[in-house]
Every structure is written in structure tokens, then in C-alpha cells.
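Participant: Questions regarding the structure given below will be posed in turn.
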Amino acid sequence: MLYIKCPYCGLRAQKEFSYGGDATVKRPNINEEVPSEDWDNFVYMRKSPRGKHIELWQHIAGCRQWIKVQRDTATHEIFQTAKVTEEIR
Amino acid sequence: MSQPFRLNKEGLINRDKKISFTFNGKKLFGYEGDTIASALIANGIHLVGRSFKYHRPRGFFGAGVEEPNAKLQVEFNGHSEPNVNATEMELVEGLSATSQNCWPSVNFDVGAINNFLKMFFPAGFYYKTFMWPKSFWYKIYEPFIRKAAGLGVASIEKDKERYEHKFEYCDLLVTGSGPSGLASAYAAAKNGAKVILAEDKPRFGGTLLTDDVSIDNLSGKDWAEKIITELKSMPNVTVKNRSQVFGYYDHNMLVMFERVSDHLEKKSKFTPRQRLWYIRAKETILSTGSIERPIVFGNNDTPGIFLSAAAKEYMKVYGVLVGKKPLIFTNNDSAYETALEFKKNNVEPIILDTREEHSSELIDEAKSKGIDIRFSHGVIVANGYKKVKSAKIGKLNKDKNSFEKIETVDCDCICVSGFWTPSVHLASQSGNKLKYEEKIDAFIPDKKKQHETSVGAANGSFTLEESLKHGFENGSNLSAKITETKTEISIPNVNEKKYGAHDKFWCMPLPKNENPKRFVDFQNDVSVSDIEIALSEGYRSIEHVKRYTTLGMATDQGRTSNLNGLQLVSNIENKIVPEVGHTTFRPPFTPITIGTIVGREVGMEYMPTRKTPMHEWHEKNNAVFVDAGAWKRPRYYKLGSETLFEASKREAKNVRENVGICDVTTLGKIDIKGPDAAEFLNRVYTNAWMKLPVGKARYGLMLREDGIVMDDGTTTRISENHYHMTTTTAQAANVLSHLEYYLQIVWPELNVNVVSTTEQWAGAAIAGPKSRDMLSKLYPDLDVSNEALPFMGYKEAEFFGVPSRIFRISFSGELAYEINVKSDHGMFMWEKMMEVGKDFGNQPYGTEALSTLRIEMGHVAGPELDGRTIPSDVSLNGLVSKKKDFIGKNSLGREAFNVESRQKIVGLIPIDRKSSIPEGSHIVQDQNAKLPNPKLGHVSSSCWSVENNNPFSLAIMKDGKNMIGKKFFAVSPLKNKSIEVEVISSHYVDPEGKRVRS
Ligand SMILES: [Zn+2]
């Protein structure tokens, strides 16, 4: 079971979190014309990297904040966590 | 009642307390502190089971966790448990143990014929023999394998015991209380660290209990006791015996299995049987010790053959002799300690040492005591079927592959030692890639991946001095980093015997024309020839050899067999062991009970139960409940002997004719506040929200970004910047996370807050033509006319003195209202409604009637919004704005969503107007067509239309809008039904929606 440092609450067990996918995906702006290829990339295309990956998790059984987690998908090592408004590297 | 193999004084058992038990029906006794194994051996019983494949007689081989053979079916405290390790299970009064895997009895086992049909059971036997013909599998092969194979019998009774889970955090977890573990725990405790020390066995001390050593002038056992006593007195230390750390998971999470009460005669009903500990440790000391490995020889599985350290442990801990005429067969010095222990107890052993004549401290001591030592000797084959009677021994030539002399000697036990294998399971599980240590012919931990440090024998250090030093240093250094305190501890003086070098000898050769079975893996019956066959058939990877031969795959995880198997493969392949590599160590290290894994999460405690504030009323009024997620909802209220069908029909009809009330508390409710709330809703929902006035509700549809409908519900504008959103019961949690995602990540610039208020409000729907009349009686001072409170209107008013919210919304399609009051007032509201409603023919209705009402109105719900439908599929495209952007809008333009023949919701009625159509039925053109019969759609919801008094269903059908009026078949192979149906509009009742506005 992973041990995840919520930037608001501190180190908490994985049980308190819910996984939310790739954090590097950016939604196209609302009310703007989006080329359909960009839209398809946003909705469907995800890399599935082996190694470092920046992910979204939500602290559902805690502060309910969405957070960023930089994790190694092969070893589960967590290098860094951050608020969603902060950049990881 | 004599115990022929019990020593008079030796051992740590309590001789004042006799314990009676039975084995295969025979009444026996042992002492408190015995294991089942030690008590049986004391009684001279060695034959305890039959082997897995060949049904060969098997006895005890080890004295603890390493035991591969002695797995028993054990009955105690009212339950029956299979595969209990007899060398670990402590004796309790009244325990009854029986042999497994034998029929009709352990002494006469029909399956032993397999032993004489060996040629049928080589490596890969199952793969080869049972492949063909295919039709034989179910009827002949599988039943045969099941009968012949298998270990014990799992109980089919409900487990009445209590099991618990515990979460714990510590600075340092020490796994094993041998010398290095004790030293580590002690040093860390002195530095003020929070320490957990876990010992698998009942007694602390590990090898200190059996080795002839002294520390600071105390015997090993006394020193261990002194340290444990001190540790127990420290508030920062938790000391646990009977506790096996069996798994090392990510981020230094270790899982421990504690046997809390199986050894107790009496316990309170709240005492758990076993406890699972989830321990998050900052640092972990792996002081798991090592396990002796055997030397492979002919018929080495005969009862009476033991690991030499086990024989010593039986004498020193249990005061039991494994035999009175022992042969000690060794390639190293440690077995000499066993020989000396026999000698001390007036038993004359013969030592067969594969090494050439030489001298060492222990050899010299054995010689001086007059023990018969034969160098360059080994056991070729053990004689005796159910018990060792004699052994053919040989003097090895210099090449160690042929014999100078062969003779037979009498013996009643053989104690074998092939040197020591560090227990690296936990280190390996932590991600540590092991390395091969030539000096000890075994794998030890290499570079760390997590916060683990192996010390003592687990790290390949086999001397006491080194183990203690290593333990004190690591315990002190690791904890000092955490506590920033360092207490100096002087490392004690140690007195121990020096061992000479061991012999790299692991398998006895066979003389020409002799071909006895030589087992490598006892528990899975894997012999030397099986491994040879696997290699000759081309298996190379050790993982493949493992699976093909089943080497090391049994519950003992190959503790005594892995390295010998690797040696064999590397010898045949002409490789060195590290090139062959090792197989993967997986948790659990020892088998654990299912009960422990499950813990308290059984029955009512399986998941939380959510009850509405009106739950008790429903219970008292014969509600039959249905699970809606964790919620309990009334499905129907049973009157007399009514069936579900009858009751739901009555309840639904009453709503259509009079008025009914329904508990809708479970609907998800989200409070939305902030100056940008309208803009936010406008982006979240597909329809327009900017112009909704205060005091009005609106139905909304939300999509996922891929255009699929996510949820629907009404949202009401309570005040300028305050909205009340409702979601379906099932999607409440997902919708909240969804909203939070957009507010926190995508549009943080919007000034909006959302919070769940599902549990804060109790809700009741009042539905039916008489609902306005009833409402006016509930709110005598309020104008509830159609003009003052129109469809989709909202009002706040006092409900008999308590604040309430009135929404004029409808799920049933009738004139209807929903009243919300604070949860605390829920029951008050409900009872008041039942009282006032009497005059109007009010009846409560459950979810089944609710479904009937919404289905015949063509209102979609979960079965239609199934994660595959877009708004137009469910005829909700009228809610999709063309003017504004919203979540998922861009996806709705996708080609496949816009083809002419796109699926669409339709209604179905059976041609005979009688046959109910099973939900999940497939719609086909021709019910007799050849399979696969093309599927045109599926039935999503079915009901008995109370309005038209015949069955009616909703279906999602390809090209649905052009199918109206056509006839098809709804087939359900599951229910074995095929019903001819006609396609009609999905709005079966009141298609213009007049009633809700009336
Ligand atoms: Zn948090």
C-alpha cells in the first residue's frame, strides 16, 4: 500500500486516495474552437510510461483536494507531490 | 501413559501441565509448551502423512516454519482447519489431529500405488497425460486429480471466530528475535525509537535457545530472557511473539500475522483468534535467520529423517529425542552440535562427514567425547518404508562421485545438514535483488530498494559475535537517524565455538544399478530425476523449470529445496548458480488463514450500512429493503401475503390514482455556492443555466468529456449565489469528485465551492393527482396553487414548525413535490405526512413502484444511462445547447454519434400483452436464426404498466427511431425466454407531460 504525502494533510495511506489519471493532460479552453485532433488527443490519447509519471490523485477520505503525484510506475517510488496549482519540475 | 522418547529433564516445556489430545483417533498426551510435532515424536510417532503425488509415507523433517511434510487436519475450539503445520501449532487441551492426503488411513493408503507407478508421474505429468482427449477432462481427469491430489479439507461451516486488523506505525520494525534481532531492537529502544519486535515462535531468542553459547557469562537463553524482559518494560517498545511478518510491500508497509489465541484454553468472546497487522515502519531490520538445508540422498523422505538443527531443537526446547540410534549426515560443523547433544543425553550417534579427515574445535570435541566419526562418508539410501530402519552408507572416493566402500548400518533416525540458507524472503519481497555469496553457497541481500537492513544469519553472518555486533550497530545507527539520540552500548563478550569450513557437497551420488527416489522438494514430491527430465526436455529458465516440475511451488515455498534445486540445475547445465538465478519470493512467507485476511469485514460489517432517518418507520411497516450502494431503501411495503409484483403494482397504481409518498433521502445532494456558480453549472450541464431565476429548479444533464451521459438530476437556485444540486443515488460520489476536479484543476479561476449535503437533508416525494390537496394540508398557510408554485417551482416554508424546502419536481410523471427537511426532522416529517395523507388515500411506495412509474413515463435512469449512451440515444438531445460550450460538447460531433442508424431509446410491448420481457434480453429479427444471431438492441428496463395493465419495457435499439411499429423478438437465453414484441414510443403514458404541469 502506497504512502502518499498530501500537500495539505501530510503522509497518508493510499486507502484515503483515489487515482485520477495523467496530470500532464491539459483540457482545451472552454468557449474556444478546438481542432478535432487536439480534442481527440485530450479525450483519448494517453502515454503509459514505464518509469516517472506525474499523476493526479484525490484525497477523497481527507481534504478532498486533487493533488499531483510524481511516481515511478514500475517501482511505485514517489519522488514528489504537489498542489495541482504547483508545477512539478 | 509413558512417553518413550521424552527426556527426563531437558527442555523448556511445562512438565507440570499435561495436555491430552488425539492423533488419528488415538488418545495421547503431551505437555504445555509442546507443538503437535514434539508431542507426537515424544510418543514415538513419526508417520504423519502421505506425500502429495506418490502417497509415500512421510514424517517430520523440521521443527518450525521450514517443515515441508507434517501438515495435518486439526480440530480444536470447535473448528476444523486443514494444512496446519504440526511443527508450529501449539498443543491445546482436547485438540484432535488427523493425517491428510491418505485414504483410507495413513498406514494403508490406496494412493501409494502411485509410488509403484512412478513412470506415470514424471515431471510435467499433468501437462502431458491430461491433455488428450479433450472430452475426458471434466468427467475423468479432473475428478481423478482432485481425489488423488489435494491436501486437507476446508471447513464448510461458518467460521465463528473473530479476526481483527490493526494499523500500526513505528520507527523500527525488527522481524525475528534471534541474537541479531534482539541486539537491533535493544539498541534502537535505548535511542528512544518506537520499536516493534516480532517473533514467529512462542518463545523469544531464536538460535540462542538451542546453541551452546554464552553472552556476558549468561547462557544464550538467559541473555535473551534478560533483554526481552527489559524491552517489555520500555514504553516505546512493542514485543510480539507468535507473530510472523509475512509480507513486505511498497513504501515500507509490512504485514504481520499474529496468532492471538489458538494456544489458549479459555478466552473471552471478544478475543480475536488471529490479528493482521499493517505496519508502516520507517526502517526495518530483517533478522529472520537462516534455515538448514538437507543433503539429497536416496529415499531421503523416509519418516525418521530430520534436519540436524531440528533434532537439536527437539532435544533442547521440547526434551524429545527424535531417535535413539542416530546417524548424523553432514557437510559442515553445525551438525556436530547435534551429535554432542545426543551424546549428552546418553545416546550414541555416528557422524558421517562428507569432508576428508581434518580438525576443528567441534570435531576435536566430538572426538574427545568418543563419538564415532566417519570422514568422506555419506548416506546413499535410507532403508525402511514407514520408518528408517537402517541406511546404506558409502565411503566416497576423492572425486566424490564413486565409492571406495559401501556398507549398511542400523539406525532409527538420520539427522542431515547440508549447511545454511539465509531467509531472504522479506528482503526479496522489498525489491532487493539478491546476490550469490560463494562463501556460503546461498543468496544474500544486495542493494536496498526500501528501508530494509538484513542482519545476522539472514545476511549470511553465521557467527554469534558477528550477528550481535551487526545487530547493535544497525539498530543503533538506523534509529539514531530518526530519534537524533545515540546511547552508547558496549557490545557484550561472547563465547562460542568456531566452525570450520563447510563442504560444497549437496547431493549424494548413486552406485550403479541403484535408482531410489532422491527428493529435492518434499512437499511437492519433486525428485532429482524430475529436474533432469525437465532439463532434457529443453526447459532452461529456472522459472520454467519451477512451473514444469512444481519445484518450490508448495506452501513451504521451497524453504528447504530451492538451493538444492538450483545446484542441480546449474550442475547439469554446467553453469554457476548465480547464472541460473533464483525464482521469485512472494508473500505470504507462511500460509495465513482467509479469516485473517478478511478480518472484521464479514456479514453486517462487510461495508457500512447507510440508513435514512425514516428507516425505522419503514422497518415497522413491513418494508422489504433493497441495497442501493451502501443505502438500504424500501423496495416495497408488504401488505399481508403480497408478492413483490402485487405490492409494487398496488403502490404504483395508488400514485396514479391518489397520492403516494416515497423516501428519496438517498438522492445525492450537493450544495453549490459562489458568484460564479451559474457560470460553473452552465459549463457542467448540457443545457443553459445563466438565466435560471431564484426560486426555480431545472432539470440538467451532465456528460463526460467523451460525450457519454454521466448523470442527470435537478438543480434549484436557492438564492443569488446558492444552488442545490441533486444527483442519482449511485453517482453522488462520482459527481462530487467530478465537480471538484473542474473547480480545482481546470477552472480554478471560478469562484465556486461545492460540498456534499446528502446526509444533511431528509427527503420525501409526494406524488399523484391528489398531491396538491395533501400539500395544502401540510402547509395550511402557504399558497400552493399552480400559479403560486408551478412545475419546477421552489419555496421555503415551515413544516409544522420546522424549516423545510419544497421543490415541485417529478420523477413519477405525476403532479408531484419533494420536501426536504433537516435529517433530524426526517422521521417527524414522514409521520406527519402519513397522518395527514390518510384523507387522500396516501400510501408509501418503494423503489419497485418508483421504477414502474418512471419506466412507463419513459424517464431514463441508470439502466439507460449505462456509460454507453449519448443524449440523443435517450431522447434528451433537446437539453443539449447549440449556443454554448460545456463538458463533453466537442465529442458530440464525432461521426459515429451522428450516423442515421444510431441507437435510440424505444418502448416495447409484448404482442400477447401478457409476457413480461426480462431485462437484459436481446432484440433480434429472427428468433430461430443461426448463431451468432445479429443483435439489434437490448432491453434496459421492464415493468408492468399499471396505466395500461400490460407489460412494458424500455430498450436501446439500433436505428430506434425508424423501428416504431415493427415487430421483433426479445430473447433471453438466460431465462430461456423468447417473446414477440412490438416497438412503440418510449413515452407510454402521458407523452405530452400534461400531468406534471397540471
Ligand atoms: Zn489531504
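The values are calculated or read from the model by the stated rules, or taken from the named source; none is laboratory data. No experiment lies behind these values; they were computed from the predicted model shown. As a convention, Cβ positions derive from the backbone with ideal geometry for all residues, glycine included, and neighbour counts pool all protein chains shown. Surface accessibility is based on the protein's heavy atoms, side chains included, excluding ligands, DNA and RNA. Shrake-Rupley method; radii C 1.70, N 1.55, O 1.52, S 1.80 Å.
Participant: Go through region B:593-650 residue by residue and tally those that are open to solvent by less than 30 Å² (accessible area, probe 1.4 Å), closer than 25 Å to B:Thr665 by Cβ and among the β-branched types (Val, Ile, Thr).
Facilitator: Residues in region B:593-650 being open to solvent by less than 30 Å² (accessible area, probe 1.4 Å), closer than 25 Å to B:Thr665 by Cβ and among the β-branched types (Val, Ile, Thr): 1 in total.
Participant: Next question, about the same structure. Taking B:Glu579 and the conditions (1) open to solvent by less than 70 Å² (accessible area, probe 1.4 Å); (2) over 25 Å from the mean Cα position of the chain (by Cα), which numbered condition does it fall short on, given that it satisfies the others?
Facilitator: For B:Glu579, the exception is condition (1).
Participant: Can you pull out the residues in region B:431-472 that are part of a loop (DSSP other than H, G, I, E, B), buried (at least 22 other Cβ atoms within 10 Å of the Cβ) and among the hydroxyl-bearing types (Ser, Thr, Tyr)?
Facilitator: If the condition is that a residue be part of a loop (DSSP other than H, G, I, E, B), buried (at least 22 other Cβ atoms within 10 Å of the Cβ) and among the hydroxyl-bearing types (Ser, Thr, Tyr), then B:Ser461 is the only one that fits.
Participant: Moving on to the next point. For region B:493-593, list the helices (runs of 4 or more DSSP H) that sit wholly inside it and hold at least 3 residues that are at pLDDT below 85; which are they? So that I can check it myself, show each step before the final result.
Facilitator: Values: elements: B:528-536, B:542-549, B:562-573, B:577-580.
Hits in region B:493-593: none.
Participant: Being crowded, with 16+ Cβ neighbours inside 10 Å, among the aliphatic types (A, V, I, L, M) and in a loop (DSSP other than H, G, I, E, B) is the filter here, so list the residues in region B:148-187 that pass it.
Facilitator: Residue satisfying the conditions is B:Leu151 alone.
Participant: Being within 14 Å of chain A (Cβ to nearest Cβ) and β-branched (Val, Ile, Thr) is the filter; apply it to region B:682-718 and report the residue that is nearest to the chain's Cα centre (by Cα).
Facilitator: B:Ile708
Participant: Does any residue in region B:154-168 that is under 25 Å from B:Leu254 (Cβ atoms) come within less than 9 Å, Cβ to Cβ, of a residue that is open to solvent by 60 Å² or more (accessible area, probe 1.4 Å) and not in a loop (DSSP other than H, G, I, E, B) six or more places away or on a different chain, and which pairs are these?
Facilitator: Taking only residues 6 or more apart or on different chains, the pairs are B:Tyr163/B:Ile597.
Participant: Among what's in region B:206-254 and is within 23 Å of B:Lys316 (Cβ to Cβ) and small (Gly, Ala, Ser), pick the residue that is surrounded by the fewest Cβ atoms within 10 Å (Cβ to Cβ).
Facilitator: Among them, the one singled out is B:Ser219.
Participant: For region B:234-282, how many residues meet the condition of being at pLDDT 95 or above, more than 14 Å from chain A (Cβ to nearest Cβ) and more than 18 Å from B:Val598 (Cα to Cα)?
Facilitator: 9
Participant: Inspect all residues belonging to region B:323-333 and state whether any of them is assigned to a helix (DSSP H, G or I) and of a type in the set (Asp, Glu).
Facilitator: Looking for residues that are assigned to a helix (DSSP H, G or I) and of a type in the set (Asp, Glu), one finds none in region B:323-333, hence no.
Participant: When the residues of region A:33-44 are narrowed to those that are facing another protein chain (nearest Cβ under 7 Å) and not aromatic (Phe, Trp, Tyr), which ends up nearest to A:Gln14 (Cα to Cα)?
Facilitator: Step one: of region A:33-44, the residues facing another protein chain (nearest Cβ under 7 Å) are A:34, A:39, A:43.
Now restrict to residues that are not aromatic (Phe, Trp, Tyr): A:34, A:43.
Numbers: A:Val34: 36, A:Val43: 26 Å.
By that ranking, first place goes to A:Val43.
Participant: Taking region A:64-76 on its own, how many of its residues are open to solvent by less than 40 Å² (accessible area, probe 1.4 Å) and within 16 Å of the ligand (Cβ to nearest atom)?
Facilitator: Looking only at that region, the number is 4.
Participant: In addition: Exactly one of (1) within 14 Å of the ligand (Cβ to nearest atom); (2) β-branched (Val, Ile, Thr); (3) under 12 Å from the mean Cα position of the chain (by Cα) is unmet by A:Ile54. Its number?
Facilitator: Only one criterion in (1) within 14 Å of the ligand (Cβ to nearest atom); (2) β-branched (Val, Ile, Thr); (3) under 12 Å from the mean Cα position of the chain (by Cα) is unmet by A:Ile54, namely (1).
Participant: Does A:Gly21 qualify as being within 28 Å of B:Val755 (Cα to Cα), part of a loop (DSSP other than H, G, I, E, B), small (Gly, Ala, Ser) and more than 9 Å from every other protein chain (Cβ to nearest Cβ)?
Facilitator: no
Participant: Test A:Lys83 against the criterion of being within 12 Å of chain B (Cβ to nearest Cβ), within 13 Å of the ligand (Cβ to nearest atom), over 28 Å from B:Leu254 (Cα atoms) and of a type outside the set (Ser, Thr, Tyr), and give yes or no.
Facilitator: yes
Participant: From B:Lys504, B:Lys486, which residue is open to solvent by 80 Å² or more (accessible area, probe 1.4 Å) and out of contact with any helix residue (DSSP H, G or I) (no Cβ under 7 Å at 6 or more places or on another chain)?
Facilitator: B:Lys504
Participant: How many residues are within 11 Å of chain B (Cβ to nearest Cβ), near the ligand (Cβ under 10 Å from one of its atoms) and buried (at least 16 other Cβ atoms within 10 Å of the Cβ) if we restrict to region A:3-18?
Facilitator: Counting residues in region A:3-18 that are within 11 Å of chain B (Cβ to nearest Cβ), near the ligand (Cβ under 10 Å from one of its atoms) and buried (at least 16 other Cβ atoms within 10 Å of the Cβ) gives 2.
Participant: Before we move on, is A:Ser48 hydroxyl-bearing (Ser, Thr, Tyr) and modelled with pLDDT under 95?
Facilitator: When the stated conditions are applied, A:Ser48 passes them.
Participant: If you check A:Lys47 against the conditions, is it of a type in the set (D, E, K, R), more than 16 Å from the ligand (Cβ to nearest atom), surrounded by 15 or more Cβ atoms within 10 Å (Cβ to Cβ) and more than 10 Å from chain B (Cβ to nearest Cβ)? Step through it out loud before you land on a result.
Facilitator: Working: of a type in the set (D, E, K, R): yes; more than 16 Å from the ligand (Cβ to nearest atom): yes; surrounded by 15 or more Cβ atoms within 10 Å (Cβ to Cβ): no; more than 10 Å from chain B (Cβ to nearest Cβ): yes.
The answer is no for A:Lys47.
Participant: Pairs needed: first member in region B:719-744, closer than 22 Å to B:Thr847 by Cβ and within 14 Å of chain A (Cβ to nearest Cβ); second member anywhere, open to solvent by less than 30 Å² (accessible area, probe 1.4 Å) and of a type outside the set (A, V, I, L, M, F, W, C); C-beta distance under 8 Å; at least 6 residues apart or different chains.
Facilitator: So the pair list comes out as B:Ala732/B:Gly668; B:Ala732/B:Lys669; B:Ala732/B:Thr758; B:Ala733/B:Gly668; B:Asn734/B:Asp711; B:Val735/B:Gly668; B:Val735/B:Asp711; B:Val735/B:Thr727.
Participant: Considering each of A:Ile30, A:Ile67, A:Ile54 in turn, give the residue that is on the phi < 0 side of the Ramachandran plot, within 10 Å of chain B (Cβ to nearest Cβ) and part of a strand (DSSP E or B).
Facilitator: A:Ile67
Participant: Six or more apart or on different chains, Cβ atoms under 6 Å: show the pairs whose first residue is in region B:911-932 and open to solvent by less than 60 Å² (accessible area, probe 1.4 Å) and whose second is assigned to a loop (DSSP other than H, G, I, E, B).
Facilitator: B:Pro918/B:Lys975; B:Ile923/B:Leu936; B:Val924/B:Asn933
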